[in-house]
Amino acid sequence: MYGKPGQFSGAAAASGGLQNAMTATTNVMRNATGPNQWGGTFGRLSQTSAPVVQAASANLGEARQGLSQGIGFQEGQIASTDLGQYQNPYQQQVIDNATGDLNRARQMTQNDIGAQATAAGAFGGSRHGLVEAENNRNFAESVSDMAAQQRMAGFNNAQGMAQQDIANRMQGQQMRTGAASQLGGLNLANAQRRDQVSMANAQNQLANDRNQLAAAQAGQSRSVQNKQLKLQAAGQLAGMGGQAFNQSNQINQQMAQNGAMQQAMQQQLINAGKGQFAGWTGAPQNALNLPLMAVGAAPNVGTQTTTQSGGGSGLMDALGFGASLLPFLSDRRAKEDIRRVGQTDSGLPIYTYRYKGGDTFHMGVMAQEVEAVQPEAVVERPDGLKAVRYDLIEA
């Protein structure tokens, strides 16, 4: 029915729609700038055209299915139709029941004939036999006519129903064929619209890709400029770092020189203090020796042995004063012009100072500070001032 000249073919229309979609997609891809520059665009175009191709393929499949149904349809014929499925299954029962009714009527007639023959005194005669034979013949004809009529009515009814089914199938096939034709046209129109939308999307995507490429090129140019600026800044920082390193070396050298000078000055103060303390501690002995020398006696040159508490090095040894058990006046209240010049390894501060009313500078500790950490090294004199045993203080 379809595919004849002058009639619409759903399969051909769907196939044409698919071909148009593929051709349009190919043209868009050919109009792209180049595979190296727009490789990503080709991938997106193929993704955009894929739904169109799938839709066209589905439309083509539907059209082909409808076409195959139309081509493979065979018109029904009475000659090839099994009318038995349309026959009334109770037809024979009706015939049998009707035959029984006729047979009972025949028997009743036979009884009447016998009664009449008996009354006439002709029972069993030839006339009686002829009447019965005629009655039986009428029965047989009635049964035959009734059965023939029933079977003819059943056949006509079955034939009519078969013809109606054939007509219904033909009408249904015509409707399905028309619907397939309309569906093919709609699918073709939808495929064409999808092609147009896909083409517009592909063109927009191509324009976006071009804009992105231009933006990327501009960003790359800015990145190169930024890198150059960073390199220049790094060079400047490197130069400044070199200058800072040189200045740091110079400062370290100056600090080392200042430290050496301060150490030399502290050593001189220590030496001066040692000399002053030695003169101060030797004065009593010299005073004793002078009268002896005046009378011609030998001076006292005996040795005195002392020990240090704990067996460690005392602050006296650190200052070069030697070992001594004498407590020395170190009360802050008896000193002035106090200046800190260092500290012991244990953190005890060392000062230079003058005793009030004196001109000579001395070096030592403060009794109050020693008493706070080593009270056993501090004694109190009768005048209330505090004195320190330097032999008990660790350097």
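The values are calculated or read from the model by the stated rules, or taken from the named source; none is laboratory data. Note that the structure is a prediction, hence the values are computed from the model and not measured. Reconstructed Cβ throughout: ideal geometry from the backbone, glycine too, with neighbour counts over all protein chains shown. Each accessible area value is taken on the protein alone, full model and side chains, heavy atoms only, with ligands, DNA and RNA left out. Shrake-Rupley method; radii C 1.70, N 1.55, O 1.52, S 1.80 Å.
Restricted to the range 77-105, and to residues there that are touching a Gly at 6+ places or on another chain (Cβ under 6 Å) and not in a helix (DSSP H, G or I), the residue that is least open to solvent (accessible area, probe 1.4 Å) is GLN87. Just the residues that are open to solvent by 50 Å² or more (accessible area, probe 1.4 Å), over 30 Å from THR81 (Cα atoms) and without any contact (Cβ under 8 Å) to a residue 24 or more places away in the chain, please, taken from the range 167-204. Scanning the range 167-204 gives GLN182, LEU186, ARG193, GLN196, VAL197, ASN204. Scanning the range 337-395 for residues that are out of contact with any strand residue (DSSP E or B) (no Cβ under 8 Å at 6 or more places or on another chain) and open to solvent by less than 50 Å² (accessible area, probe 1.4 Å) returns GLY347, LEU348, GLY358, GLN374, GLY384. Determine whether GLN217 is modelled with pLDDT of 90 or more and within 33 Å of the chain's Cα centre (by Cα). Judged against the criteria, GLN217 is not a match. The sole residue among ARG151, ARG137 that is open to solvent by 80 Å² or more (accessible area, probe 1.4 Å), assigned to a helix (DSSP H, G or I) and touching a helix residue (DSSP H, G or I) at 6+ places or on another chain (Cβ under 9 Å) is ARG151.
Of the numbered criteria (1) of a type outside the set (Gly, Ala, Ser); (2) in contact with a Phe, Trp or Tyr (Cβ under 9 Å, 6 or more places away or on another chain); (3) not in a helix (DSSP H, G or I), the one GLN173 fails is (3).
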